[in-house]
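As C-alpha cells, the structure follows; a few thoughts come after it.
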Amino acid sequence: MILRRDETLTEHMDDPSADSRILRRTYERFKTVNRLLARWDGTYEEHIRPNLKPGEAVSILDVGSGAGDVALHLRKRLLRDGFQPTLVLIDPSDQVQEYFKSRPLPPDVSYQKTTTSALAATGKKFDIIISNHLLHHLATDDVAKLMEDCRTMCRKRVVFSDLDRNVFAWALFAVFAWPISFGTFIHTDGLRSIRRSFNRQELIDLLPGGWSVHRQFPFRLLVMRDADY
C-alpha cells in the first residue's frame, strides 16, 4: 500500500485556538517521544560532534524549535563533551512564544519568535543548524527557501531530522503511541505528521544541489549539508 503525502491535513498543535493546557502537556510529553524515536544522540555522535574541535565555542540554531527539548538535550551533550555551546531557538508560533514566557532558559540559550528568512537577512551565522520534525509542517513550495536560508547562515553543517512517510510507520504509531499520548495531541497529530511527511526520493527531487538525504532507523530521514567554503 502506498501512503501518499497529504499536506492539506492540519495538526492540532498548529491551530492558534488549540487548548493551551493540552498543548503544554503535549510539549512536555515530546521530551519522551523524541528521546524514544528521534535518535538525536546518535545523530549528534555521528553527524555533529565530528565537525567540532575539542573545547571550542559552538553556536547552535534550532529552527522550528517547539518547546526546545531537542536543543536542550544536545546542550547537555555538548557541555558533557567539553564544548562551550550557545543556542538560539527560533519558532514563529504564538503558542511557543507563550510557552517560553513561563519557562526560564539557561543563560547560554535564548528563544526568538522569528523565521529563518528574517534571521538570515540580519547576516547572522551559526556553526551548526538543526531542526526536528519541521519539514513535514511545510508546504512543498516552502522547503527549498528554508534550506537556502539555512545554507546562508551555516558555518559548519545543517542537520534536519524528520519522519520518513511509510504505511508501516503509520500503522505502528497508531497502535503503540497510546500509552504516551493520553491527554495530549500526540496520537492524532503524530498520525497526521506521518501523512504530511516526505519520503526520501521526494526530498531528493525537491532539494537543490549540495544536500543529502539519508534514511535513519526507524522510519526517519536526515537531511544534511556542509557549509560552503
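For the reader, a short list of remarks on this structure follows.
Conditions (1) surrounded by fewer than 19 Cβ atoms within 10 Å (Cβ to Cβ); (2) touching a residue at least 12 places away in the same chain (Cβ under 8 Å); (3) closer than 17 Å to Asp226 by Cβ, marked per residue:
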{"position": "Asp41", "(1), (2), (3)": "yes, yes, no"}
{"position": "Glu46", "(1), (2), (3)": "yes, no, yes"}
{"position": "Ile60", "(1), (2), (3)": "no, yes, yes"}
{"position": "Gly66", "(1), (2), (3)": "no, yes, no"}
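- Within segment 109-134, the set of residues being surrounded by fewer than 16 Cβ atoms within 10 Å (Cβ to Cβ) and within 22 Å of Tyr27 (Cα to Cα) comprises Ser110, Lys113, Thr114.
- Filter result (part of a loop (DSSP other than H, G, I, E, B), at negative phi and either basic (Lys, Arg) or within 19 Å of the chain's Cα centre (by Cα) (or both)) within segment 48-85: Lys53, Ser65, Ala67
- Filter result for Phe173 (surrounded by 19 or more Cβ atoms within 10 Å (Cβ to Cβ), within 26 Å of Asp15 (Cα to Cα) and under 15 Å from the mean Cα position of the chain (by Cα)): no
- Among the residues making up segment 121-163, a single one is hydrophobic (A, V, I, L, M, F, W, C), part of a helix (DSSP H, G or I) and over 20 Å from Ser197 (Cβ atoms): Met153.
- Matching entry among Val88, Val109 (being under 15 Å from the mean Cα position of the chain (by Cα), at pLDDT 95 or above and β-branched (Val, Ile, Thr)): Val88
- Selection status of Ser197, over 24 Å from Ala18 (Cβ atoms) and modelled with pLDDT of 95 or more: no
- Failed condition for Met13, given (1) assigned to a loop (DSSP other than H, G, I, E, B); (2) surrounded by 15 or more Cβ atoms within 10 Å (Cβ to Cβ); (3) not hydroxyl-bearing (Ser, Thr, Tyr): (1)
- Restricted to segment 178-200, and to residues there that are part of a loop (DSSP other than H, G, I, E, B) and among the hydrophobic types (A, V, I, L, M, F, W, C), the residue that is surrounded by the most Cβ atoms within 10 Å (Cβ to Cβ) is Phe198.
- Hits in segment 178-202 - residues which are aliphatic (A, V, I, L, M) and closer than 22 Å to Gly42 by Cα: Ile194
- Of everything in segment 201-229 that is in contact with a Ser or Thr (Cβ under 7 Å, 6 or more places away or on another chain) and open to solvent by less than 10 Å² (accessible area, probe 1.4 Å), the residue that is farthest from Glu148 (Cα to Cα) is Arg220.
The values are calculated or read from the model by the stated rules, or taken from the named source; none is laboratory data. This is a predicted model, so every value here is computed, not measured. Positions of Cβ are generated from backbone atoms using ideal geometry, with glycine treated the same way; all protein chains shown enter the neighbour counts. Ligands, DNA and RNA are excluded from the accessible area calculation, which covers all protein heavy atoms including side chains. Shrake-Rupley method; radii C 1.70, N 1.55, O 1.52, S 1.80 Å.
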